[in-house]
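Heads up: the structure comes next, in structure tokens.
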Amino acid sequence: MMKFIRFFSLTLFLCASCQPNRPTLDQALELAGDNRPELEKVLDHYRRNPADSQKYRAAEYLIRYMPFHTSIGGAYEVYYDIVDSLLSLPDQTGVMKQIGRVSDSLKPQIYTQRDIEVVSADYLIRNIEAAFEDWKHTGWAYHLNFDQFCEYLLPYKCIDTQPLDDWRETSKNLCRSSAYDQIYQSYDYEYNPMSAVGRVNGRMKSSVPPQLWLHDLKFMSITRPSTFMKLSGATCWDYVTAAMQLMRSKGLPVSIDFTPQWPDRVYGHSWCSVYSTRGISEMFNPFASNPRYPHYIYARYAKIFRQTYKINEELYEMLSGGIEIPSQIHHLCMQDVTHEYEQTSDLRIRLFPEFRSEDYVYIATFDNNDWCPVYWGKVRGKDAVFKNMGRDVTYIAMAYREKNLEPASLPFTLDWLGEVHYFEADTTRRQPVVLDRKNPMFQHVFYKTEYLGNGLIEASDYPDFRQADTVATISRWKMTSGTEKLTCRPYRYWRLRAVGKDEYNMAEIYFYPRGSKMPVKGRLIASGVRLDKEHLPEYISDDNPETYCRVKGPDCWVGFDFGEPVDLDRISYTRRGDGNGICVGDTYDIYYWDNHKWALADTQTATDVTLETDRLPADGLYFIRSDRGYSQRIFSWEDDRVRWH
């Protein structure tokens, strides 16, 4: 759930570079063109007084890396003002679509500009002075050395979609409470940015509507925090960029950390971190949770980067040397910080012979649809060397040729102990596999167990169930789907109800006559008692695993009339979940990795809540894809069960 800005065209700068891995101040001034006198004014301003030697170094730092940064110009204030007025209306129905229309109409009047060509001397001096004031006198950044100050407080803006505005001044008192100013009185909190970040973050959280995390916004980014905080939803990247402005405007050493791609699910993610007095960065989820509060603590990471003002010199050297780089890792201003979050390993991965002449290859994880590169590595002989890689992740090495990614190694897993295990399917043997899902169950599904009470399947000869027999019990710990075998006589009426005071949520239920592989459908009946207006009784048989009905107590139930007694062999069901269980009627393709590509091994249309196949070669890496949704994963078969990757 993140997006970030790719770097601006570097052609001119790279051609001018005489030190390919270290940009210089002279090169930057040359690229400034007509704006060079403005930047030289800044240098002259701080060169005069020896007491300003640090500020001069700071100005050099900003100008040296300025060619790699852009900002927006034009009618952005008009855009923000209109959006602000829309978000201030009492009726917010359809407001996001209205913002989209405003964005479309004003987009031609808002443009991207190179900072090196437009930054004024007054603007840069004003920001340098404010940053030094925050560093030396605000109190939250005394523990930063000069290099850290240059990254955490000095930059004249926070992100590349931000205009060159007075963000420090306009945001300084935004989300600043009396509790924030009072913490100076505590010996424990004085000079400690952790407490201050917590106070500001708490005020930020209470100042925004309930958060709706979106994968993408359908309009231009809104980087003015006072306007942004009125939005009812945004991407994680939008939240962290607003948060960083708010934090840094108060002298708090906060940065943005991100993973470009989760190794076991779709999308990437971004969050904030604060550099603490202990000399470590503490992550937090802005507008939500404070430092040291759990945030994706169970998640695996392949790579984590910290957004920086300074360029990544290794990546810059590759670009300077004419190396083609996949767009997924074209983020020049970042630092690898994976080791700050988890155990990592340096890898030597054997390459296919045809790729051993490459200078660089890339290491990729699977994004639910394809392999997505997350880092680069140098080729050394027969191997590729990848540094600082997260463990318990499945990877593959890839070459980038003529803007196409090609598998350059077998896929492999780097386990918790740092051992590498390659996947090479054994086509001489077959591996029977049983699947009840196409994607792993994540914690957001597990947290719904409070609504998954104990349930009963009852059968009767009477439509009001005045005499009913319990034919099956479904435990609350049957999480998302399952099957109950039946040994009862035929009945005409069947129903689902909850046990005692439990609530029971069911998405789909299927009844299988004895000797049949296909379910039979009855006419829906219900008690007439409803817990709400949203979760309708008919959702229990609408062939949509993402809708569900609710039953609770003896008087709220849902059932079926089959018209005559039916002799059933079993009942299968899909409980309230994420919709990624095997769904009756859906078609599934099951693949195995055949050295260089996915090879189709089996296609099935599900007749039950599990799929069984014996067409997969043994010891392979497999992939299940369906015609419903995008959550579908790679897996292996280990110890008679699926292991998701």
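Across the alpha-carbon set of the stretch 47-140, the Rg to Rh ratio works out to 1.16, Rh being the Kirkwood radius. Near ASN192, no amide H atom lies under 5 Å from its own; only residues 5 or more places off or on other chains count, and H is placed 1.01 Å from N.
Directionally averaged projected area (the stretch 389-471, Cα convex hull): 12.8 nm².
Tally Lys/Arg at +1 and Asp/Glu at -1 over every other residue whose Cβ is under 9 Å from the Cβ of GLU77; what's the total? Combined, the nearby Lys, Arg, Asp and Glu give -1.
If you sort the three axes of the alpha carbon gyration tensor as a ≥ b ≥ c, you get a/c of 1.5 or more for the stretch 436-532 and a/b no higher than b/c, which makes it oblate. The alpha carbons of the stretch 473-615 stretch over 58, 33, 24 Å along the principal axes, in descending order.
Shape analysis of the stretch 171-313 places it in the oblate category; the axes a ≥ b ≥ c from the Cα gyration tensor give an a/c of at least 1.5, with a/b not above b/c.
Sorting ILE110, ILE363 by accessible area (1.4 Å probe), largest first, what list results? Could the numbers behind the result be given before it?
Details: ILE110 25, ILE363 0 Å².
So the residues, ranked largest to smallest area, are ILE110, ILE363.
By the equivalent-ellipsoid construction on the alpha carbon gyration tensor, the chain comes out with semi-axes of 53, 32, 21 Å, ordered largest to smallest.
Of the listed peptides 76-84, 277-285, what is their order by residue-averaged count of other C-beta atoms within 10 Å, with the highest listed first?
Numbers: 76-84: 17.9, 277-285: 16.3.
Highest to lowest by the protection proxy: 76-84, 277-285.
Calculate how steeply helix 236-248 sits against the longest principal axis of the alpha-carbon atoms of the chain, using the helix alpha-carbon long axis, and give the answer as 0 to 90 degrees to the nearest 10. The two axes meet at around 40 degrees. Label-to-label distance, ASP122 versus TYR447, with points set 7 angstrom from Cα along the beta-carbon direction: 4.9 nm. An ellipsoid equivalent to the stretch 24-67, defined through the eigenvalues of its Cα gyration tensor, has semi-axes of 19, 11, 6 Å when rounded to whole angstrom and sorted largest first. Extending 7 Å from Cα along the Cβ direction at ILE325 and again at THR428 yields two label points whose distance is 4.5 nm. Taking the 0 to 90 degree range and rounding to the nearest ten, how far is the long axis of helix 36-47 tilted relative to the main principal axis of the chain, both from C-alpha atoms? Here the helix axis deviates by roughly 70 degrees. Here the Karplus relation 6.51 cos²θ - 1.76 cosθ + 1.60, evaluated at θ = phi - 60°, turns the backbone of the stretch 430-443 into coupling constants of 10, 10, x, 9, 10, 10, 10, 8, 10, 7, x, 7, 8, 5 Hz, with x for every Gly and Pro. A convex hull fitted around the alpha carbon atoms of the stretch 228-306 yields 101 Å³ per residue. Is the shape of the stretch 85-241 best called rounded, prolate or oblate, per the rule: a/c under 1.5 gives rounded, else a/b larger than b/c gives prolate, else oblate, with a ≥ b ≥ c the square roots of the Cα gyration tensor eigenvalues? Oblate, because a/c is 1.5 or more while a/b does not exceed b/c. Would you mind counting up the charge near THR227? Only other residues with Cβ under 11 Å from its Cβ, with Lys and Arg at +1 and Asp and Glu at -1. So the surrounding residues net to -1. Hydrodynamic estimate: the Kirkwood radius of the stretch 156-250 over Cα pairs, inserted into Stokes-Einstein at 10 °C and 1.306 mPa s, corresponds to D of 112 µm²/s.
Normalised by the residues of the chain, what does the relative contact order come to in percent, with Cα pairs under 8 Å and at least six apart?
Relative contact order of the chain: 10 percent.
For TYR491, the amide hydrogen comes within under 5 Å of the amide hydrogens of VAL566, LEU568, counting only partners 5 or more places away or on other chains and with H modelled in the peptide plane. In order along the stretch 136-147, the phi-based Karplus estimate (6.51 cos²θ - 1.76 cosθ + 1.60, θ = phi - 60°) of 3J(HN,Hα) comes to 8, 10, 5, x, 9, 9, 4, 7, 7, 7, 5, 4 Hz; Gly and Pro are listed as x. Phi angles of the stretch 188-195 translate, via the Karplus equation with coefficients 6.51, -1.76, 1.60 and θ = phi - 60°, into HN-Hα couplings of 5, 8, 4, 6, 9, x, 4, 5 Hz per residue; Gly and Pro are given as x. Between the Cα long axis of helix 53-65 and the first principal axis of the chain there is an angle of about 60°, rounded to the nearest 10. Summary value for the stretch 324-472: 18 percent relative contact order, contacts being C-alpha pairs under 8 angstrom separated by 6+ residues.
Once backbone amide H atoms are built at 1.01 Å from N, ASP602 has ILE590 as its partners under 5 Å, excluding neighbours fewer than 5 places away on the same chain. Across the stretch 433-498, the relative contact order, built from alpha-carbon pairs under 8 Å that are at least six residues apart, equals 37 percent.
Legend: distances between Cα atoms for LYS448/LYS501; LYS97/LYS157; LYS205/LYS230; LYS172/LYS303; LYS55/LYS136; LYS438/LYS501; pairs beyond 21 Å are LYS97/LYS157; LYS172/LYS303; LYS438/LYS501.
Computing Rg and the Kirkwood Rh from the Cα coordinates of the stretch 427-480 gives a ratio, Rg/Rh, of 1.22.
Rolling a 1.4 angstrom probe over the protein heavy atoms, how many square angstrom per residue are accessible across the chain? Display every interim value, and only then the final one.
On the way: 28210 Å² over 645 residues.
Per-residue value: 44 Å².
By the compact-protein rule of thumb, 2.2 N^0.38 Å, the alpha-carbon radius of gyration of the stretch 557-645 corresponds to a ratio of 1.35. Against the compact-protein benchmark of 2.2 N^0.38 Å, the Cα-based radius of gyration of the stretch 349-395 scales to 1.16. Note on surface exposure: TYR591, TYR156 rank TYR591, TYR156 by accessible area, highest first, 1.4 Å probe. Dividing the summed -39500 (n - 2.57) terms of all DSSP H runs of n ≥ 4 by the residue count of the chain sets its mean residue ellipticity at 222 nm at -6000 deg cm²/dmol.
What is the diffusion coefficient of the stretch 294-400 in µm²/s, taking the Kirkwood radius over Cα pairs and the Stokes-Einstein relation at 20 °C with a viscosity of 1.002 mPa s? Rounded, D is 147 µm²/s.
The values are calculated or read from the model by the stated rules, or taken from the named source; none is laboratory data. Worth saying up front: this structure is predicted, and the values here are computed from it rather than measured. Every residue, glycine as well, gets a Cβ built from its backbone with ideal geometry; the counts of neighbours run over all protein chains shown. For the accessible areas, the whole protein counts, side chains as well, though only heavy atoms, and no ligand, DNA or RNA atoms are used. Shrake-Rupley method; radii C 1.70, N 1.55, O 1.52, S 1.80 Å.
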